[in-house]
Amino acid sequence: MYLNLNGRKRVSESPFKGKTGAKRVLNALGYSIDGLKAGWINEAAFRQVSLLAIVGIPLSFFLAMPAWAHAIIVASHLVTMIVELLNSAIEAAVDHTSLAKHDLAKRAKDLGSAAQLVCLFNLAAMWILALLA
């Protein structure tokens with residue numbers, strides 16, 4: 001239970017939202033680590049963008065670039081990894097719902113893929129910008 005804005009006790013909407021405080025934070029950390037492991041083990045695309053970041057981020061610090069250029073390189077690599085995790089989550093949720101071909105399932109997967117493509121174009125543009133700085 002928790003208090004709503006009027007100060008009245010209210011039952012949580014979900015039975016899974018009962019933990020609070022440090023226990024909740026530790027559980028969330030565990031779930032996040034599980035998600036990173038699942039992404040690494042099950043998703044080749046996540047491994048690829050992670051390896052790209054593992055190479056690209058340190059490489060940027062070996063090159064003579066202003067601090068803002070390092071920042072946009074790091075941020076762009078991290079955003080690419082985040083979007084790949086979200087894309088993989090969309091694909092897993094769609095596949096869990098049904099493996100049957102459906103226009104909306106295709107649209108959901110295509111939109112996730114398009115988001116990742118935009119991130120990769122952004123990453124390339126940020127590298128070009130940083131190298132020209």
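The values are calculated or read from the model by the stated rules, or taken from the named source; none is laboratory data. Just so you know, these numbers come straight off a predicted model, no measurement behind them. Cβ sites come from the backbone with ideal geometry, for glycine too, and all protein chains shown count toward neighbours.
Observations on the model:
Each row is one residue, and each column tells you yes or no for (1) in contact with a Ser or Thr (Cβ under 7 Å, 6 or more places away or on another chain); (2) among the polar types (S, T, N, Q); (3) modelled with pLDDT of 95 or more.
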{"residue": "N6", "(1), (2), (3)": "no, yes, no"}
{"residue": "S12", "(1), (2), (3)": "no, yes, no"}
{"residue": "K19", "(1), (2), (3)": "no, no, no"}
{"residue": "D34", "(1), (2), (3)": "no, no, no"}
{"residue": "A38", "(1), (2), (3)": "no, no, no"}
{"residue": "I41", "(1), (2), (3)": "no, no, yes"}
{"residue": "F46", "(1), (2), (3)": "yes, no, yes"}
{"residue": "V49", "(1), (2), (3)": "yes, no, yes"}
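- Scan segment 92-108 for residues that are under 19 Å from the mean Cα position of the chain (by Cα) and either of a type in the set (A, V, I, L, M, F, W, C) or modelled with pLDDT of 95 or more (or both) and the total you get is 4.
- The set of residues in segment 63-109 being within 17 Å of L131 (Cβ to Cβ), without any contact (Cβ under 8 Å) to a residue 24 or more places away in the chain and either among the hydroxyl-bearing types (S, T, Y) or not in a helix (DSSP H, G or I) (or both) consists of A64 alone.
- Residue match in segment 118-132 (condition: in a helix (DSSP H, G or I), in contact with a Ser or Thr (Cβ under 9 Å, 6 or more places away or on another chain) and within 16 Å of A44 (Cβ to Cβ)): yes
- Scanning segment 74-89 finds one or more residues that are of a type in the set (G, A, S), closer than 14 Å to W127 by Cβ and in the same structural domain as W127 (by TED's automatic domain parsing).
- Residue within segment 33-50 that is surrounded by fewer than 19 Cβ atoms within 10 Å (Cβ to Cβ), among the small types (G, A, S) and more than 22 Å from G112 (Cα to Cα) present: no
- For segment 109-133, a residue qualifies if it is closer than 12 Å to V49 by Cα and either within 14 Å of the chain's Cα centre (by Cα) or surrounded by fewer than 14 Cβ atoms within 10 Å (Cβ to Cβ) (or both), and the qualifying residues are Q116, L117, C119, L120.
- Residue check, T97 of a type in the set (S, T, Y) and more than 16 Å from L52 (Cα to Cα): yes
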